[in-house]
1. Among the residues in the stretch 75-89, are any assigned to a helix (DSSP H, G or I), surrounded by fewer than 12 Cβ atoms within 10 Å (Cβ to Cβ) and either more than 23 Å from the chain's Cα centre (by Cα) or modelled with pLDDT of 90 or more (or both)?
2. Taking only pairs six or more apart or across chains, which ones have beta-carbon atoms under 6 Å, a first residue in the stretch 75-93 that is within 11 Å of residue 57 (Cβ to Cβ), and a second residue that is assigned to a helix (DSSP H, G or I)?
3. Considering only the stretch 43-59, how many residues are over 14 Å from the mean Cα position of the chain (by Cα), surrounded by 15 or more Cβ atoms within 10 Å (Cβ to Cβ) and not in a helix (DSSP H, G or I)?
4. What single numbered condition from (1) modelled with pLDDT of 90 or more; (2) loosely packed, with under 13 Cβ neighbours inside 10 Å fails to hold for residue 66?
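The values are calculated or read from the model by the stated rules, or taken from the named source; none is laboratory data. Predicted model only: the values in this text are computed from it and were never measured. Because the Cβ atoms are built from the backbone with ideal geometry, glycine has one as well, and the counts that use them run over all protein chains shown.
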């Protein structure tokens, strides 16, 4: 089987728009099948144009100047498109720091609640704000 025979797998159910899960894998050479619940790789269902931008980035081995020439775009435009593709793919450099800060803030709220320095309703409100990405 060649690469041309493969299509991108859908990211959501065509009936209800729910998330799809990989439950079966098959060997192309011998036909052996493995069934179970498998995580999909991060880049498998990346939408266009982000998939093409990251594919080109890999093809030119990270040389943004080569991308600039191929696309006929300025360096800042290529960098901007790459940053957006990285963000959509889950490689946002600020994401880890933000997640760590939110975790610390949740622990602080739980500690204040446990010490009696905060009411349960205030704690719930603060935790909801963190979950929604609003300032507390």
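1. Going residue by residue through the stretch 75-89, those that are assigned to a helix (DSSP H, G or I) are 75-88.
Add one more test, that the residue is surrounded by fewer than 12 Cβ atoms within 10 Å (Cβ to Cβ), and what stays is 75-76.
If we keep only those that are either more than 23 Å from the chain's Cα centre (by Cα) or modelled with pLDDT of 90 or more (or both) as well, we get 75-76.
Yes.
2. Matching pairs, first to second residue: 78/64; 78/67; 78/68; 81/53; 85/50; 85/53; 85/54.
3. 0
4. Evaluating residue 66 over (1) modelled with pLDDT of 90 or more; (2) loosely packed, with under 13 Cβ neighbours inside 10 Å leaves (2) as the failure.
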